Structure formats: structure tokens, C-alpha cells
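Q: This is the structure I have questions about; it appears just below.
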Amino acid sequence: MLIRIFVVLLLYGSIIGSSIGNMRQNNRKEKTVCAIILICSAYCAVSFILKENWPNVDDLINMMFARQLRWVLDALGAPAAMILTKGM
């Protein structure tokens with residue numbers, strides 16, 4: 001577990017250290033997008049460190065948009081819906 005913590009701290013330190021100079025020049029929208037990406041990656045990092053089987057980011061997106069995807073697939077018709085949902 002200590003090795004995993006060290007790896008995560010090393011990676012985050014290098015990411016933040018290399019981008020801190022550019023961050024001062026960015027506007028508010030770019031800083032917000034960068035913060036969202038860091039929060040999502042921090043969630044994955046904590047899951048990695050603790051060896052938990054938490055949902056990944058793509059699982060969370062799938063849970064949020066599953067109903068809308070079903071509507072689109074139903075609108076396309078049954079053959080397209082069968083092909084596109086085979087992996088779901």
C-alpha cells in the first residue's frame with residue numbers, strides 16, 4: 001500500500017508541478033476543467049490505493065446516461081438496438 005501511495009504522490013506531484021506555471025495564465029473555465037479532471041483522477045487514485053472495486057469513471061457516466069441511450073436506441077429501431085446494446 002505504501003508503494004501505491006508513493007506512486008500516486010509522485011505522479012500528482014509531477015502533474016501539478018509541471019502545470020502550475022501555466023495555470024496562472026489560464027482563464028476560469030480552463031481552471032475549472034482542470035480541477036474536474038483532477039477530481040476524477042483522484043477518485044480513481046483512491047480506488048487504486050485502497051484496492052477497492054468501486055465504479056470507474058466510465059461506469060458512472062454509463063449510469064448517468066443509460067436512460068437517454070435507451071431512448072436513442074429505441075428511436076433507431078430494434079435491429080440497431082440489438083447490435084449496439086450487445087455489450088451492455
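The values are calculated or read from the model by the stated rules, or taken from the named source; none is laboratory data. Just so you know, these numbers come straight off a predicted model, no measurement behind them. Cβ placement follows ideal geometry from the backbone for every residue including glycine, while neighbour counts extend to all protein chains displayed.
Q: Restricting attention to the range 28-46, which residues are surrounded by fewer than 12 Cβ atoms within 10 Å (Cβ to Cβ) and among the charged types (D, E, K, R)?
A: Correct list: Arg28, Lys29.
Q: Name the single residue, out of those in the range 14-27 being of a type outside the set (Gly, Ala, Ser) and surrounded by 11 or more Cβ atoms within 10 Å (Cβ to Cβ), that is farthest from Arg4 (Cα to Cα).
A: So the residue we want is Asn26.
Q: Quick one: is Glu30 in a loop (DSSP other than H, G, I, E, B) and either at pLDDT 85 or above or closer than 25 Å to Leu2 by Cβ (or both)? So that I can check it myself, show each step before the final result.
A: Values: in a loop (DSSP other than H, G, I, E, B): no; either at pLDDT 85 or above or closer than 25 Å to Leu2 by Cβ (or both): yes.
For Glu30, the condition - in a loop (DSSP other than H, G, I, E, B) and either at pLDDT 85 or above or closer than 25 Å to Leu2 by Cβ (or both) - is not met.
Q: Does Ile49 fit the bill of being modelled with pLDDT of 80 or more, part of a helix (DSSP H, G or I), exposed (fewer than 12 other Cβ atoms within 10 Å of the Cβ) and hydrophobic (A, V, I, L, M, F, W, C)?
A: No.
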